[in-house]
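Some notes on the structure that comes next.
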Amino acid sequence: MQFLNSIQDFLIQRFGELGPLIAIGGLGLVCVLAAAYLMLNEQEDPLKKLQRDIAEKNPKKQRESLRQTDRNEQLQKFASFLEPQNAEELSAMELKLRQAGYISRDAVRIFFFAQMVLGLIGLSMGLAYVYVLNGDVEYDSQQMAIRILGPGGAAYFLPKYWVTRRVEERKKEITKGFPDALDMMLVCVEAGQSIEQSIIRVSAELAASYPALSEEFQIVAQEMKAGKDKERVLRDLGTRCGVQDIASFTTVMIQSQSFGTSIADALRVYAGEMRDKRVMRAEEAANKLPVKMTLATMMLTVPPLLIILIGPSMENISNLGSGPPG
């Protein structure tokens, strides 16, 4: 007991009143990292290895496991910690990551793993700043909490900010390239190609200029080739992109297919609307430009102009006030 009391006194003397709590937290962090390292480097079960070897030699089993080959087995061990247990939260997170362009089956796990790792790194940086770089500075509890928990919280929310920004940039790219994609699709359909063939051709043509839209069309083409229902594929496209123009386009295609009308006529009308909408967006951006230029002009030109006009007068007034009385 005397030994523990001496350790406690040393921690309080070295790190302040929160010294024992910080020591316990650091010890817990070391234990978590050590456990994660041991689990990641755990030897494979011989029985599982034997089953995998047998499955690789069996063509039927190999075909059944093709859809599972892209899973990360190391992250699979932490699935209960790296995935939301609520199905709705998991689906919403998967949709958001798909809209950001991350379509891997381990995207959700990698996202939460990145949050955890960056949060721990931020906490470590805060502790290093307080107790190593500024060890001789006295902080109260509030200041210490801000300097330690602040970097950890900022680093923890960094992946969320990155994904949100990626979603917005991807939506802008899809919106910008969609009118051109409709025009090319209309040309392909009028040339006699089916909607599936036109989507494949358009995805290949857009790969260099609009890679995000090209990737979405490639997914649609692959799902149609796999035999998935066309209506379901189009609805998934609208949901996956999260762009209103794409959702309206999928609705037009589904209705055209349901009522048996010409797809070329529907594409022609909708492509014309998209061209008009693009012109309206350009006009809207052009109308916003004078207001933005006016604000910038006022901020950059009015203060120097006032200094030039009023500066000499203010100097003369100050000289008159400081001169000898006449």
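The values are calculated or read from the model by the stated rules, or taken from the named source; none is laboratory data. Everything numeric here is computed off the predicted structure, so don't read it as measured data. Neighbour counts are summed over all protein chains in view; Cβ atoms, including those assigned to glycine, are modelled from backbone coordinates with ideal geometry.
Yes or no: region 237-253 includes at least one residue that is in a loop (DSSP other than H, G, I, E, B), buried (at least 17 other Cβ atoms within 10 Å of the Cβ), at pLDDT below 90 and not acidic (Asp, Glu). Checked region 237-253: at least one residue is in a loop (DSSP other than H, G, I, E, B), buried (at least 17 other Cβ atoms within 10 Å of the Cβ), at pLDDT below 90 and not acidic (Asp, Glu). All of Tyr161, Tyr139, Tyr129 fail the test of being in a loop (DSSP other than H, G, I, E, B), surrounded by fewer than 17 Cβ atoms within 10 Å (Cβ to Cβ), not assigned by TED's automatic domain parsing to the domain that holds Leu213 and not small (Gly, Ala, Ser), apart from Tyr139. Residues considered: Gly122, Gly192. Of these, the only one that is surrounded by 14 or more Cβ atoms within 10 Å (Cβ to Cβ) and either free of Cβ contacts under 8 Å to residues at least 60 places away in the same chain or at positive phi (or both) is Gly122.
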